[in-house]
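Peer 1: Let me begin by handing over the structure; questions about it come next.
Bear in mind these aren't lab numbers, they're just calculated from the coordinates by the rules spelled out. Keep in mind it's a predicted model, so treat the numbers as computed, not measured. Every residue, glycine among them, receives a Cβ derived from its backbone with ideal geometry; neighbour counts consider all protein chains shown.
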């Protein structure tokens, strides 16, 4: 298994060049090659959504992609949501609404939600529920997460969701 | 005593690191020279191992070692029995605990057979395919009742039976009560409880530092102290040479306490053998078959009542599936046996528990831990009785509640902590009243339901009551220290898996020392910081660790005031501790920081008989647990074509005594209810007749998403426990316990036209369809 490829991937604004096996998962690349362990792996079969990252701005499951597929693309992980020591309004909202307990699924929710909250100034509750329906949380029962989404939208768009 | 900190909805200290991806979980540990393990697990539920050929795996580049049971030598030992059988007369208990790697025979799918260690996880998994195990398949033991038939195959041949345990507990004289009954209701109930499915799988990293002669282990365990002590013993090390860290853990819900998992035994051993850091991280497929889970029980239960609906007695004989081994003793079935009694004044009880070995993954507690099985049986019996007697379902419950003046209430049987099952306190009617109000019970049954039914809609309501034994011993401890910065450091032995300990424990300390919660650092689950304790389980953190922290914080407060008294030459009673300072009445003040420095001088002497520093370590060891309670109510609508069930409204009224942080309690309840809803209609572990799990992925085992979980309204009743100073009771499991009982009642109510009786959980659209067809067929005959 030495099918090696050299790839250039921009993650959170930094461009990395690495040589990886063709079969290396993008999630393993982010976590173990780049040391960005905020992206979590919950199921490795694309259901739980914990490993969600932004791939050219779109949420994707990094456990369902190979690192080589990211060659030449831009990725954002939870570590890139805000400068160190600061929080994105979405992160603040999660804190204020008690939208996380163990926090393992949280980075996946945040990455799924970032484009959603930024592009939906007035979503219905049903739309919010649909937006997070591809992310599993085993601790919160989702209620506080939904409240956090509304709060984040208020912070970002100064509107009431 | 809701104070400035205690009882307040304070935002969590742990959030910032979790939200920014900076929190350390076990798989985030990265050490130089680290190697990776993968396990070859049994594909068979029951098979003899004829031979194992690992030679091809050993030849694979990058493979460092391959180990079978034979390679472990004397280190191969069955695991310890965690919970011995309770002291009940006439008990039968057969101990058969799990082994590190299967030897001679495999007893469940997922049992580890060979351990491979390689330079990367990818290579280790490649090498699993190189191994050939020659199995002779055996007939699998799957059904708990058939397992006890004389010609059944045996999980443990040397036992001569699949019966793991039999325990009979009695209160009063059921047969005499039965003779006086106006009504007797008998049914067979079936309750299947599922997987914890914490979002983080299990994992272990072990690092043996040969030069330091020191073993560090990161483990996704709920009980780091117990793991440390056990590992030291197994590996022939001093306890002080072993540090177990339970870092941030991505949910646990019970199964992460099954000390010792085979992997917990093997990974540290391997690190010492190789003198390299070793990592093993469970994948989701392994989690389905190798992490402990709960399982089904079959109950043959009957209830005897007067025509007024007063319970005279309950009799139950049940069969509990414990899987292939029973390392956790009888905790789960004893919880079922005890919790069945619920909030009701039941004078006579006869319960026979039969625990059965099967060729399935091991059963240990998962959120609720057998309690929901008992609640389901009791609540269904009451529903049936109410129908039979023509009494409203809330009324029959109300008539049987233990009245508030009867506490402490002795159920006269033995609970999971081996103490008699005595409820400390409770006030059940206000919880029922509040739940009825929040769900608008009268209006629903008198107006809404008839109106919606007339429109052709199938709507129904479920309302059930329950108790939850929480906060059992033996003990927890804590050390509280004011540091020279004035910040406070607190260490306790319990681990944390999302319960908000970094905040709620800090609130307890803040209440005593009046320090900002953000300036109180809580350390949980690091044996180098605190090495006494049992663990986080049985909804006991806030009660047992909480009260230990409270006691230590009070002691530190005394020391602070004493030191200030010496400094100012003013009696303690005339001092006030406020905002990080001790104030005298004449306007002088000194900071906690300065007092901490003065209490730890570099010159001079510390007074004989006193200790340096502003620090105290205290323990809390309750004689027995404390009992929380509540009522859940929901309204559902059933689509009789698709058999889909929508929950339109969900109400929880909960009494966990004094609340430390209402935000946290609400979160716990929401999450528990979500798991309970999963266990009512979506999640089901299905085994076929060969003992193969047919639902070993999230495509087949359905965890509810935000689309399935409705908004949950929470109401509080507060009956403080008189048995601990904080007045707290546990809350971790409450949300999950009565959900299925309420759900089934609501669905049955919604489908009242069809005359069905639902005696099982979980349901599914398919199963509901079958139940309806069966009822229609019966009607037709």
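Peer 1: For residue B:91 and residue B:240, calculate 0.36 nm times their separation in residues minus their Cα-Cα distance, and state this gained length in nm to one decimal.
Peer 2: 49.8 nm
Peer 1: Still on this structure, I have one more. What is the fewest-to-most order of A:48, A:137 by other Cβ atoms lying within 10 Å of their Cβ?
Peer 2: Numbers: A:48 27, A:137 31.
Sorted ascending by nearby Cβ count, the order is A:48, A:137.
Peer 1: Here's a follow-up. Compute the length gained on full extension between residue A:119 and residue A:69: take 0.36 nm times their separation in residues and subtract their Cα-Cα distance, giving the result in nm to one decimal.
Peer 2: Once the chain is fully extended between residue A:119 and residue A:69, it gains 15.3 nm.
Peer 1: So what are the three principal axis dimensions of segment B:490-542 from its Cα atoms, in whole Å, longest to shortest?
Peer 2: 29, 24, 17
Peer 1: For a footprinting-style exposure proxy, rank B:619, B:650 by other Cβ within 10 Å, fewest first.
Peer 2: Working: B:619 17, B:650 29.
Ordered by Cβ neighbours within 10 Å, fewest first: B:619, B:650.
Peer 1: Using only the Cα atoms, work out Rg/Rh for segment B:197-290, with Rh taken as the Kirkwood radius, to two decimals. List each step's numbers first, then the result.
Peer 2: Working: Rg = 12.7 Å, Rh = 13.2 Å.
Ratio of gyration radius to Kirkwood radius: 0.96.
Peer 1: Enter the Cα centre distance for the pair segment B:161-215 and segment B:228-303, rounded to the nearest angstrom.
Peer 2: Each part's Cα centre sits 18 Å from the other's.
Peer 1: In Å, what Rg and Dmax follow from the Cα atoms of segment B:678-733?
Peer 2: Radius of gyration, then largest Cα-Cα span, for segment B:678-733: 18.8, 52 Å.
Peer 1: If you find the alpha carbon centre of segment B:345-397 and of segment A:77-125, how far apart are they in angstrom?
Peer 2: Here the answer is 41 Å between Cα centres.
Peer 1: Further question: What FRET efficiency comes out for residue B:777 versus residue B:300 if R0 is 35 angstrom and r is the Cβ-Cβ distance? Round to the nearest 0.05.
Peer 2: 0.90
Peer 1: To check you understand DSSP bridge types, tell me what percent of the beta bridges within segment A:4-161 (both residues inside) are antiparallel, rounded to 5.
Peer 2: Values: 15 of 17 bridges.
Of those bridges, close to 90 percent are antiparallel.
Peer 1: Treat each spin label as a single point 7 Å out from the Cα along the C-beta direction, and report the residue B:158 to residue B:606 distance in nm.
Peer 2: My value for the distance between the label points is 5.2 nm.
Peer 1: Give the average, rounded to an integer, of partner chain Cβ atoms located within 10 angstrom of each Cβ in B:668-677.
Peer 2: Mean partner-chain Cβ count within 10 Å for B:668-677: 4.
Peer 1: Turning to a different aspect of this structure: Quick one: helix A:143-157 against the long Cα principal axis of chain A, what's the angle to the nearest 10°, folded into 0 to 90?
Peer 2: The two axes meet at around 90 degrees.
Peer 1: What does the helix-only formula give at 222 nm for the protein assembly as shown: each DSSP H stretch with n ≥ 4 adding -39500 (n - 2.57), the total divided by the residues, and the result rounded to the nearest 500 deg cm²/dmol?
Peer 2: Working: 22 runs with 241 residues, N = 942.
It lands at -7500 deg cm²/dmol.
Peer 1: Report the calculated FRET efficiency for residue B:623 and residue A:86 (r = Cβ-Cβ distance, R0 = 41 Å), to the nearest 0.05.
Peer 2: Efficiency, from the Cβ-Cβ distance: 0.25.
Peer 1: Please arrange A:6, B:485 by counting, for each residue, the other beta carbons lying within 10 Å of its beta carbon, fewest first.
Peer 2: Ranking A:6, B:485 by Cβ neighbours within 10 Å, fewest first, gives A:6, B:485.
Peer 1: Now for a separate question. Could you tell me the largest-minus-smallest coordinate of the C-alpha atoms of segment A:89-157 on each of the three principal axes, in descending order and whole angstroms?
Peer 2: That gives 29, 22, 18 Å along the principal axes, largest extent first.
Peer 1: Further question: Taking 7 Å along the Cα-to-C-beta vector as the label spot, tell me the residue B:56-residue B:707 distance in nanometres, rounded to one decimal.
Peer 2: Label at residue B:56, label at residue B:707, 4.2 nm between them.
Peer 1: In whole Å, how far is the Cα centre of segment B:461-505 from that of segment A:1-44?
Peer 2: 38 Å
Peer 1: Now for a different question. Inside 10 Å of the C-beta atoms of A:39-49, what's the mean count of C-beta atoms belonging to other chains?
Peer 2: That average works out to 6.
Peer 1: Counting only other chains, and only Cβ atoms inside 10 Å, what mean value do you get across the residues of B:198-209? Working shown, then result.
Peer 2: On the way: counts 6, 18, 9, 5, 0, 0, 0, 0, 0, 0, 0, 0.
For peptide B:198-209, the averaged partner shielding equals 3.
Peer 1: Please give the contour-minus-distance gain from residue B:11 to residue B:574: 0.36 nm per residue of separation, less the Cα-Cα distance, rounded to one decimal in nm.
Peer 2: 199.3 nm
Peer 1: Let me ask something additional. Efficiency by 1/(1 + (r/R0)^6): what FRET value for residue B:412 and residue B:188, r their Cβ-Cβ distance, R0 = 41 Å, to the nearest 0.05?
Peer 2: Working: r = 26 Å, r/R0 = 0.64.
The formula returns an efficiency of 0.95 here.
Peer 1: Now for a different question. In nm, to one decimal, how far is the modelled label at residue B:71 from the one at residue B:442, with both set 7 Å along Cα→Cβ?
Peer 2: Placing both labels 7 Å along Cα→Cβ, they lie 7.3 nm apart.
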